[in-house]
Amino acid sequence: MTVRILFVCYENICRSPMAEGAFNRLLELRGVAGHFEAESAGTVGYQSGSFPDPRAVRAAARAGIDISANRARCIDELDLSTFDHLFVMDHDNHRDVAVVLDGYGLPPARLVTDYAGTAAGFGIPDPYYGPETGFDSTLDSLAVCVRGILDHLMAEYGIGMRDGGMGFEPGLQGA
């Protein structure tokens, strides 16, 4: 069984591709990539088909994560019933996803920070209109979030780290 996860932000060019990349990198480092599959999307399709913001690509690359090939897409383009878990970046994204999910009987979307310890319930600010350093800070926050999410999901599904997995995950800044 492969557990499918979707990370959602507004336009799918900053936060959600960074979360997807950080989560997939963490899967590799822990040796559990075969158990999970992560993707990302936005709540709007204005940027559909676009590459991630170059500042997000550079921040991810500095952490050893390659998101350069990602392409933006909208949740309207996806069959959300194929995902086991949806994680959103902020309360606006949560509201927008809840509208789409209404009536489908799918699990509710959760904030990406819900498994990040003291940050639970808070959103991840959108770095788009700020300086490049904001993308590094966003990725640092997302690294903490995806660690918490993966720890929770591994426990929920009874998945342990493989022998090749590492307890310390280099390449994920600040997490």
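The table below gives the values:
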| read-out | value |
| --- | --- |
| ASN93, sole failed condition from (1) within 14 Å of ARG15 (Cα to Cα); (2) in a loop (DSSP other than H, G, I, E, B); (3) touching a residue at least 24 places away in the same chain (Cβ under 8 Å); (4) out of contact with any helix residue (DSSP H, G or I) (no Cβ under 7 Å at 6 or more places or on another chain) | (2) |
| Residue within region 21-29 that is touching a Leu at 6+ places or on another chain (Cβ under 8 Å), surrounded by fewer than 22 Cβ atoms within 10 Å (Cβ to Cβ), charged (D, E, K, R) and not in a loop (DSSP other than H, G, I, E, B) present | no |
| Conditions (1) among the aliphatic types (A, V, I, L, M); (2) open to solvent by 50 Å² or more (accessible area, probe 1.4 Å); (3) under 15 Å from the mean Cα position of the chain (by Cα): number failed by VAL99 | (3) |
| Any hit, region 42-62, residues being basic (Lys, Arg), within 16 Å of the chain's Cα centre (by Cα) and farther than 15 Å from VAL3 by Cα | no |
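Here is a yes/no grid of residues against (1) within 15 Å of the chain's Cα centre (by Cα); (2) within 19 Å of LEU86 (Cβ to Cβ); (3) surrounded by 13 or more Cβ atoms within 10 Å (Cβ to Cβ):
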| residue | (1), (2), (3) |
| --- | --- |
| TYR104 | no, yes, no |
| ALA109 | yes, yes, yes |
| GLY117 | no, no, no |
| ASP126 | yes, yes, yes |
| GLY134 | no, no, yes |
| ASP140 | yes, no, yes |
| ARG147 | yes, yes, yes |
| GLU156 | no, yes, no |
| MET161 | no, no, yes |
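Conditions tested, residue by residue: (1) within 8 Å of the chain's Cα centre (by Cα); (2) closer than 16 Å to ASP66 by Cβ.
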{"site": "VAL8", "(1), (2)": "yes, no"}
{"site": "ILE13", "(1), (2)": "no, yes"}
{"site": "GLY21", "(1), (2)": "yes, yes"}
{"site": "LEU26", "(1), (2)": "no, yes"}
{"site": "LEU29", "(1), (2)": "no, yes"}
{"site": "VAL32", "(1), (2)": "no, no"}
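The values are calculated or read from the model by the stated rules, or taken from the named source; none is laboratory data. Everything numeric in this text was worked out from a predicted model, so none of it was measured. For neighbour counting, all protein chains shown are included, and Cβ atoms are generated from backbone atoms with ideal geometry for every residue, glycine included. Each accessible area value is taken on the protein alone, full model and side chains, heavy atoms only, with ligands, DNA and RNA left out. Shrake-Rupley method; radii C 1.70, N 1.55, O 1.52, S 1.80 Å.
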